[in-house]
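Peer 1: Have a look at this one before I ask anything.
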Amino acid sequence: MFHINEFKKLSGVSVRTLRYYDEIGLLKPVSKTEGGHRLYTNTELKKLQQIQFLKTIGFQLSEIKMMLESEEWDWSNSLMKQISYVISEKDRLSKIEISLRELINGIAIDGEEFRIKKIMDLYNNKDSKEVLKYNQNELNFKNTEVLGKLPQMASSDPDSLEWIALVGQLKKYMHLSYSNTRIQNIIKRMDVKKGEDFNDEDAFLDNLWDIRMSPEESKKYNLYPIDQEVLNYMEKAYIYYLGNES
C-alpha cells in the first residue's frame with residue numbers, strides 16, 4: 001500500500017487534490033492508518049491515471065465520476081459530444097486570439113489614446129452583421145490577390161505589422177509639421193511599400209482611400225477606425241511628399 005504522501009509522488013497529484021477526490025467520492029482510499037492518513041494501492045493509481053486523462057481531454061469531474069462508475073456508459077456518445085465541445089471552444093478561442101491581436105495592433109496605432117471600447121465595438125460589429133466582400137468592378141482592382149495584401153488588424157504577418165507601425169509612428173509625431181523630415185521619411189516608406197505591395201493598382205488604392213476617408217464607408221467595410229485627424233494629416237503629408245518628388 002502507498003501512504004498518501006508516497007501516492008502523491010507516484011501520481012504527481014497534490015495531497016489537497018487527493019483529499020478532495022475522496023470527499024466527492026471520485027477516488028476513495030482503500031483504507032486509512034491509525035493516524036487517519038489515507039492509503040492507496042495500484043488499483044487506485046490506475047483509476048487516478050484514468051481520471052487525469054479524462055480531465056485532460058476536457059471532461060468535468062462530475063462526468064468522470066459517472067463514466068467510471070457505470071458499466072453501461074455510452075462512451076462513443078460522450079466522446080462525440082466532447083469533440084463538439086472542443087470544436088466550439090476552438091472557435092471561441094480563435095475569436096479571442098483575433099481580438100488580442102487587434103488589441104496589440106490597436107495600441108501600436110493609437111498609443112496611449114487607445115481605448116478597449118474601440119476593439120469591443122469592432123468585435124461586436126463582426127458578430128452582428130455580415131462582413132461585406134470587396135466588389136472587383138466597384139473598387140477597380142485588377143488582381144484579386146491584392147486583397148490578401150491589405151493590412152489586417154488581427155494579422156501577425158510582417159507586411160501588416162509594418163503598415164500598422166508606420167501609421168502608429170505617423171500619429172505619434174503628428175505634433176510636427178507634415179513637411180518635417182521625420183514625417184516625410186515615414187511617408188516615403190509608405191509610398192515605397194505601396195509600390196511593393198500594390199503595384200499597378202492605383203485605381204483600387206484611390207477607391208480604397210475614399211472609403212477610408214469616410215467613417216461611414218469605413219464602418220461598412222469593417223475597416224479599423226483611424227481618427228479623421230490622422231487621415232487628414234497623412235493626406236497632406238503625402239501630397240507634400242509627391243510635390244517634392246516631382
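The values are calculated or read from the model by the stated rules, or taken from the named source; none is laboratory data. Values in this document were obtained by computation on a predicted structure and should not be read as measured data. All Cβ positions, even for glycine, are placed from backbone atoms using ideal geometry, and neighbour counts span all protein chains on display.
Peer 1: Of these, Lys188, Lys171, which one is in contact with an Asp or Glu (Cβ under 8 Å, 6 or more places away or on another chain), under 23 Å from Asn244 (Cα atoms) and of a type outside the set (Ser, Thr, Tyr)?
Peer 2: On the way: Lys188 fails: in contact with an Asp or Glu (Cβ under 8 Å, 6 or more places away or on another chain).
When all the criteria are applied, what remains is Lys171.
Peer 1: What's the number of the only condition in (1) loosely packed, with under 13 Cβ neighbours inside 10 Å; (2) under 14 Å from Phe2 (Cα atoms); (3) out of contact with any strand residue (DSSP E or B) (no Cβ under 6 Å at 6 or more places or on another chain) that Ser62 fails to meet?
Peer 2: With (1) loosely packed, with under 13 Cβ neighbours inside 10 Å; (2) under 14 Å from Phe2 (Cα atoms); (3) out of contact with any strand residue (DSSP E or B) (no Cβ under 6 Å at 6 or more places or on another chain) applied to Ser62, the lone miss is (2).
Peer 1: What number of residues in region 2-28 are more than 19 Å from Glu69 (Cα to Cα) and touching a Lys or Arg at 6+ places or on another chain (Cβ under 6 Å)?
Peer 2: 2
Peer 1: Does Ile226 fit the bill of being in the same structural domain as Arg182 (by TED's automatic domain parsing), hydrophobic (A, V, I, L, M, F, W, C) and in a loop (DSSP other than H, G, I, E, B)? Steps first, please.
Peer 2: On the way: in the same structural domain as Arg182 (by TED's automatic domain parsing): yes; hydrophobic (A, V, I, L, M, F, W, C): yes; in a loop (DSSP other than H, G, I, E, B): yes.
The answer is yes for Ile226.
Peer 1: Give, as residue ranges, the helices (runs of 4 or more DSSP H) completely inside region 56-131 that count at least 1 residues that are at pLDDT 80 or above.
Peer 2: Details: elements: 61-69, 75-110, 116-128.
Per the criteria, 61-69, 75-110.
Peer 1: How many residues are out of contact with any helix residue (DSSP H, G or I) (no Cβ under 9 Å at 6 or more places or on another chain) and either at pLDDT 95 or above or part of a helix (DSSP H, G or I) (or both) when one looks only at region 21-40?
Peer 2: Of the residues in that region, 2 qualify.
Peer 1: Could you list, in sequence order, the residues of region 31-48 that are exposed (fewer than 14 other Cβ atoms within 10 Å of the Cβ) and within 20 Å of Leu61 (Cα to Cα)?
Peer 2: Thr43, Lys46
Peer 1: Another question, if that's okay. Mind checking which pairs have a first residue in region 178-198 that is in contact (Cβ under 8 Å) with a residue 12 or more places away in the chain and a second that is crowded, with 18+ Cβ neighbours inside 10 Å and β-branched (Val, Ile, Thr), Cβ under 7 Å, 6 or more apart or different chains?
Peer 2: Cβ pairs passing all conditions: Phe198/Val146.
Peer 1: At pLDDT below 95 and either more than 28 Å from Ile98 (Cα to Cα) or not assigned by TED's automatic domain parsing to the domain that holds Glu102 (or both): which single residue out of Ser214, Ser218, Ser246 fits that description?
Peer 2: It is Ser246.
Peer 1: Continuing with this model, one more query. Take Leu170 and tell me if it is within 30 Å of the chain's Cα centre (by Cα) and either surrounded by fewer than 17 Cβ atoms within 10 Å (Cβ to Cβ) or assigned to a helix (DSSP H, G or I) (or both). Walk me through how you get there before you give the answer.
Peer 2: Numbers: within 30 Å of the chain's Cα centre (by Cα): yes; either surrounded by fewer than 17 Cβ atoms within 10 Å (Cβ to Cβ) or assigned to a helix (DSSP H, G or I) (or both): yes.
Against the criterion (within 30 Å of the chain's Cα centre (by Cα) and either surrounded by fewer than 17 Cβ atoms within 10 Å (Cβ to Cβ) or assigned to a helix (DSSP H, G or I) (or both)), Leu170 qualifies.
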